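These notes are about the structure you will find just below.
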Amino acid sequence: MTHSGVVKHGYRYQFGRNTALFTHDDLLSLNARFEHTNPQHILQWAADRFGEAAAVVTSLQPTGIVTLHMMHTLGIHLPVLTLDTGHLFPETYTLIEQVEAHFNITVERIKPDVHVIEQDQSGTPLWQQDTNQCCYLHKVLPLKKALAPYDAWITGLRRDQSPSRAETDIVSWDVQRNMTKLCPLATWTEAMVWSYIKGYQLPYNTLHDKGYPSIGCMPCTQPVNGTRDLRAGRWQGTNKTECGIHL
Ligand code: SF4
């Protein structure tokens, strides 16, 4: 289990703007405590600890839907943000509205700066020229700005999603954004998530039924067949595995 970015000084180090005060040992202890508990307990802890200084960030993947349902059941009301790059599938835009209606919430669409140049003079889109720059301008930068007022963010990362996520901590210090990061469903598996969604008959992206285990922007997401890497359809044919918001 890694804790990259945690300051390992011998003295107490203040993390977070207002509500978080964690040492490296605190994080170790919280992760040990949460490793064998259920995500609802972790979400309740986050709500008690941070209140509305915590935001849920979701791309409405299955884990995000489960998270929203657990919060709904527990009566936890936290801001919910999603990155609207302008390149999402129509099915994803439909799902955002379905989720808002289902849970009676507002999902805040985080959009890129209006001045982002989407294509060059020849008409080649930015995502074709440079995926890293495209993700930076459409995801990393807008999210950094959107999360600036918060002390913690809650994400749907799971360890079984890809080799690069296998060591995901449940609670960590996000050096990139200077805030606490929580992954309440880190220990859950794909099967557990789907069993929950089907059991509660929750809305989900219909592209999952068409071979897309992980869904991002339309130009950079392909269906996959028979792979254990659930994110294999993202940026297929390149070495890129993450957009950058979780690095
Ligand atoms: S996933 Fe593709 S289209 Fe979306 S921001 Fe990244 S490079 Fe651009």
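Laboratory data are not the source of any read-out in this text; all were calculated from the coordinates shown. Model, not experiment: these values are computed from the prediction. With ideal geometry, Cβ positions are generated from the backbone for all residues, glycine too; neighbour counts draw on all protein chains shown.
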Would you be so kind as to identify which of MET70, THR23, GLY51 lies farthest towards the positive end of the dipole of the chain, taking Lys and Arg as +1 and Asp and Glu as -1 on Cβ and the Cα centre as origin? THR23
Provide, for segment 61-209, the number of lysine pairs with alpha carbons under 14 Å apart, each pair being eight or more places apart or on different chains. 4
Here the relative contact order (percent) of segment 159-247, from C-alpha pairs under 8 Å and at least 6 apart, is 20 percent
Spacing of the two label points (7 Å from each Cα toward its C-beta) at GLU190 and LYS144, in nm: 3.2 nm
Calculate the translational D of the chain in whole µm² s⁻¹ from Stokes-Einstein, where the hydrodynamic radius comes from the Kirkwood formula applied to all Cα pairs, the temperature is 20 °C and the viscosity 1.002 mPa s. 114 µm²/s
Please list 88-99, 135-146 highest first by mean number of surrounding beta-carbon atoms within 10 Å per residue. 135-146, 88-99
Would you please give the residues with an amide H less than 5 Å from that of MET179, counting only those at least 5 places away or on a separate chain, with H modeled from the backbone geometry? ASP174
For a bin width of 10 Å, list the pair-distance distribution of segment 44-101 built from all Cα-Cα distances, rounded to whole %. 21, 53, 22, 5
Gain in span if fully extended, GLU242 to HIS77, counting 0.36 nm per residue against the direct Cα distance: 56.5 nm
Enumerate the residues in segment 210-247 having an amide nitrogen under 11 Å from the point lying 7 Å beyond the Cα of ASP120 toward its Cβ. none
Give me a comma-separated list of calculated 3J(HN,Hα) values for segment 134-148, in order, Karplus coefficients 6.51, -1.76, 1.60 applied at θ = phi - 60°, integers in Hz, x for any Gly or Pro. 4, 5, 4, 6, 9, 10, 4, 5, x, 5, 4, 5, 5, 8, 3
Among VAL99, TYR136, SER164, whose Cα projects farthest towards the positive end of the dipole of the chain, with charges put on the beta-carbon of Lys, Arg (+1) and Asp, Glu (-1)? SER164
Amide H of LEU88: which non-local residues (sequence gap of 5 or more, or other chain) have their own amide H closer than 5 Å, using H built in the peptide plane? MET218
